[in-house]
């Protein structure tokens, strides 16, 4: 058996210690970068439309309304983004309620309204089935520009307090989507 000198023993132990320390540093940097990437991904996925927790989103159901294969009646209503003359509703808070059995319909209508320039939209559910869409505004004249996007929608001034699970007082306009605007599903 060959005896190792003191200097050789020292360098051997030093080399092992350096390898262990480098391994720990690499593991530490790896964990740091993984945490940074996860936090950055969460910030990048901020939606432009808010959706209530009790509403199913577009990923959970497919709707032809957003995929250019809508029925003729719906195509006539939403193929081109008509611009309202007075723009009274562009900066208003709009609540879109789904009164149909089509999953995620209110969220998809929020997306469509966002494309038309109405960016303050929120989606939720309405408990009672409605045949036609209703646009309900707090003030006279506000929201009338939204009626053009729906099939035979009605316009009224007032508030919506029943049939909805969210507080509607913060919204200037409430749109209750009826079966006439569910794209025939």
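The values are calculated or read from the model by the stated rules, or taken from the named source; none is laboratory data. Predicted model only: the values in this text are computed from it and were never measured. Here Cβ is always computed from backbone atoms with ideal geometry, including for glycine, and neighbour counts include all displayed protein chains.
A few remarks follow.
- Residues of the stretch 140-152 that turn out to be part of a loop (DSSP other than H, G, I, E, B) and touching a residue at least 60 places away in the same chain (Cβ under 8 Å), as a count: 2
- In the set (1) farther than 19 Å from residue 92 by Cα; (2) assigned to a strand (DSSP E or B); (3) over 24 Å from the mean Cα position of the chain (by Cα), residue 155 fails one condition alone, (1).
- Within the stretch 162-182, the set of residues being over 16 Å from residue 128 (Cβ atoms) and not in a strand (DSSP E or B) comprises 167, 169, 170, 171, 172.
- Being at pLDDT below 90 and in a loop (DSSP other than H, G, I, E, B) is a property that residue 88 has.
- Of the residues screened, residue 43 is one that is within 30 Å of residue 124 (Cα to Cα), loosely packed, with under 10 Cβ neighbours inside 10 Å and either under 23 Å from the mean Cα position of the chain (by Cα) or at pLDDT 50 or above (or both).
- Hey, residue 163 surrounded by 15 or more Cβ atoms within 10 Å (Cβ to Cβ) and either more than 20 Å from residue 103 (Cβ to Cβ) or touching a strand residue (DSSP E or B) at 6+ places or on another chain (Cβ under 9 Å) (or both) or not: no
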